[in-house]
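Chemist: Take a look at the following structure, please.
What follows draws every value from the coordinates through simple rules; no lab data is involved. Predicted model, so just to flag it, every value in this text is computed and none were measured. All Cβ positions, even for glycine, are placed from backbone atoms using ideal geometry, and neighbour counts span all protein chains on display.
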Amino acid sequence: MTTQSTAPTGTRRPRARGERSPLASFGLHATLLIASVVAVFPPLWLLITSFKPKTEAFDTGLVKDFTFRNYQHVLTETEFPSWLANSLLVVGLTTVIGVFISATTGYAVSRFRFPGMRPLMWLLLITQMFPVAVLIVPLYNLLASLGLLNQPVGLVVTYLTIAVPFCAWMMKGYFDTVPVEIDEAGRVDGLNPFGVFWRLIIPLAKPGLAVTGFYSFITGWAEVAYASAFMTGEENLTLAGGLQTFVNQYTSDWGSLTASAVIVAVPAALIFGFAQRHLVSGLAAGATKG
């Protein structure tokens, strides 16, 4: 004997909470697809243009005459190798010094109470409120008085004023999440405060250090205003300032500019992948230990 369903035919099944209708699902996926195309189109077009001859730089079609001439010209007939060396020096020093100062500052204000701590934190926060255009003139005068204009050290000091305040705030918030009992256990084992920081806290702070290092790297790698104002002479420029020489009021070498931009983007992408890998592994390690 079979039982008949008493539900009226033709009625729709009620959707569960959080379940989207087909129309809403289509709209969401269409929006994501459009956003992805908009995000990918500029770098993709930059890459395509870098392989075009200079005469086809403004051609809206794909590559007709594939060539590496733009890359060859940039690497062998311009000051690009010098710009790259200058950038690597400046960015390397900025990243290493910035991470160390940010980590130690963040740990100090997270663990210790000392006179002037709150004004220090407010000072770090207030420095982020000034736009670059306002700071160029006073920083220029300061570097000139110290003899640091047109010197890599001057740029390093300038970039540290950008990266350290933000990274110190970020590291302070990260160290606040690390249990204080770890510090106490280290002191019981005979470690001094720096030993506790270096041997116990730093290994647990890999995610924060990865983000801090990446931010410091990008600050020095992609900054243009300070690099253009404080460095003169093609052999002294960094990549950010050097790329501007390809397209200015006198020349328009779009092939060299796009090829240089592609080369500049490669290290940034590699550093991002490195930081992301350590960020994920550090979080997973922390969850496992917890």
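Chemist: Where in the chain lies the longest segment free of trypsin sites (Lys or Arg not before Pro) that are both loop residues by DSSP (not H, G, I, E, B) and have at most 16 other Cβ atoms within 10 Å?
Modeler: The segment 114-290 is the longest one with no such site.
Chemist: Now for a different question. Quick one: compute the contact order of the chain, relative version, from alpha carbon pairs under 8 angstrom and 6+ residues apart, as a percent.
Modeler: 28
Chemist: Show which aspartates and glutamates lie in cross-link reach of LYS206 when reach means a straight Cα distance below 18 angstrom and same-chain residues fewer than eight apart are skipped.
Modeler: ASP176, ASP183
Chemist: Oh, and also: Cut-off 10 angstrom, C-alpha nodes, Gaussian network model of the chain. Which of ALA225, ALA259, ALA35 fluctuates the most?
Modeler: ALA35
Chemist: Can you pull the percent of Cα pairs in the chain with separation above 34 Å?
Modeler: Summing the P(r) of the chain above 34 Å gives 44 percent of all pairs.
Chemist: Further, regarding this structure: Kindly write out, for segment 130-142 in residue order, the coupling ³J(HN,Hα) from the Karplus curve 6.51 cos²θ - 1.76 cosθ + 1.60 (θ = phi - 60°), rounded to whole Hz, with x marking Gly and Pro.
Modeler: 8, x, 4, 4, 6, 8, 4, 5, x, 5, 4, 5, 5
Chemist: Using modelled amide H (1.01 Å from N, peptide plane; none on Pro or chain starts), what sits under 5 Å from the amide H of VAL247, excluding residues fewer than 5 places away?
Modeler: Long-range HN contacts for VAL247: ASP253.
Chemist: Per-residue HN-Hα couplings for segment 208-217, Karplus 6.51 cos²θ - 1.76 cosθ + 1.60 at θ = phi - 60°, whole Hz, x for Gly and Pro?
Modeler: x, 5, 5, 5, 4, x, 5, 5, 5, 4
Chemist: Once every DSSP H run of n ≥ 4 in the chain is given -39500 (n - 2.57) and the sum is divided by its residues, what mean residue ellipticity at 222 nm do you get, rounded to the nearest 500 deg cm²/dmol?
Modeler: -22500 deg cm²/dmol
Chemist: Can you give the longest run of the chain that contains no chymotrypsin sites (Phe, Trp or Tyr not before Pro) sitting in a DSSP loop with at most 14 other Cβ atoms inside 10 Å?
Modeler: Values: sites that count: PHE58, PHE66, PHE68, PHE112, TYR250.
The segment 113-249 is the longest one with no such site.
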